[in-house]
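Below is one structure, written out as structure tokens, with a few remarks after it.
Every number here is computed from the coordinates shown, using simple stated rules; none is lab data. The structure presented is a predicted model; accordingly, all values stated were derived computationally and were not measured. Don't worry about glycine lacking a Cβ; one is built from the backbone with ideal geometry, like all the others, and counts go over all protein chains shown.
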Amino acid sequence: MKKYFIAASVVVIAIFLSNCHGSKKATASATPALTYETGIQTIIVKECAPCHFPPKGNKKPLDTYEGAKTNIDEMIRRMELNPGEKGFMPFNHPKLSDSTIAVFKKWRDDGLKEN
């Protein structure tokens, strides 16, 4: 009986150790890069209209990929201001959440891809 217990223990340890080596790759997939079309455009339409949407808008146009791309650093800087500070965006609206501002930062960090 002792021989069977030792043999079973060796098999269990061997199976456990075979799954513990570093040659296996992680199976978690990387987060895809954020693009203007998949993340930024919707936020801009919701939070920046009508002020930044010509012909009604009287501010820098942000209704296109090029407009957003060109102004991304200034947009982030102004979104991070607090209400009441000069240049705060969105004007006359509550401050955007940190997670929303993080979307713009991620888009910039991912290379400002369009689609």
Step through the residues of segment 98-107 one at a time and calculate ³J(HN,Hα) from phi using the Karplus curve (6.51 cos²θ - 1.76 cosθ + 1.60, θ = phi - 60°), rounding each to whole Hz and writing x for Gly and Pro. 4, 5, 5, 5, 4, 4, 5, 5, 5, 4
Based on the mean of other Cβ atoms within 10 Å per residue, sort peptides 72-78, 35-41, 82-88, 97-103 so the most packed one is first. 35-41, 72-78, 97-103, 82-88
Could you pull out every residue, at least 5 positions away or on a different chain, whose amide H is within less than 5 Å of the one on Lys113? Hs are placed 1.01 Å off N in the peptide plane, and Pro or chain starts have none. Tyr36
I want to check the label-to-label distance for Asn92 and Ala33. Put each point 7 Å from Cα in the C-beta direction and report it in nm to one decimal. 3.8
Determine the distance separating the Cα centre of segment 50-80 from the Cα centre of segment 88-112; give it in Å without decimals. 12
Residues in segment 63-81 reached by a label modelled at Asp110 [backbone nitrogen below 11 Å; 7 Å Cα→Cβ]: none
Students often get this wrong, so check it: of Lys46/Lys95; Lys59/Lys86; Lys56/Lys106, which have C-alpha atoms separated by over 24 Å? Lys56/Lys106
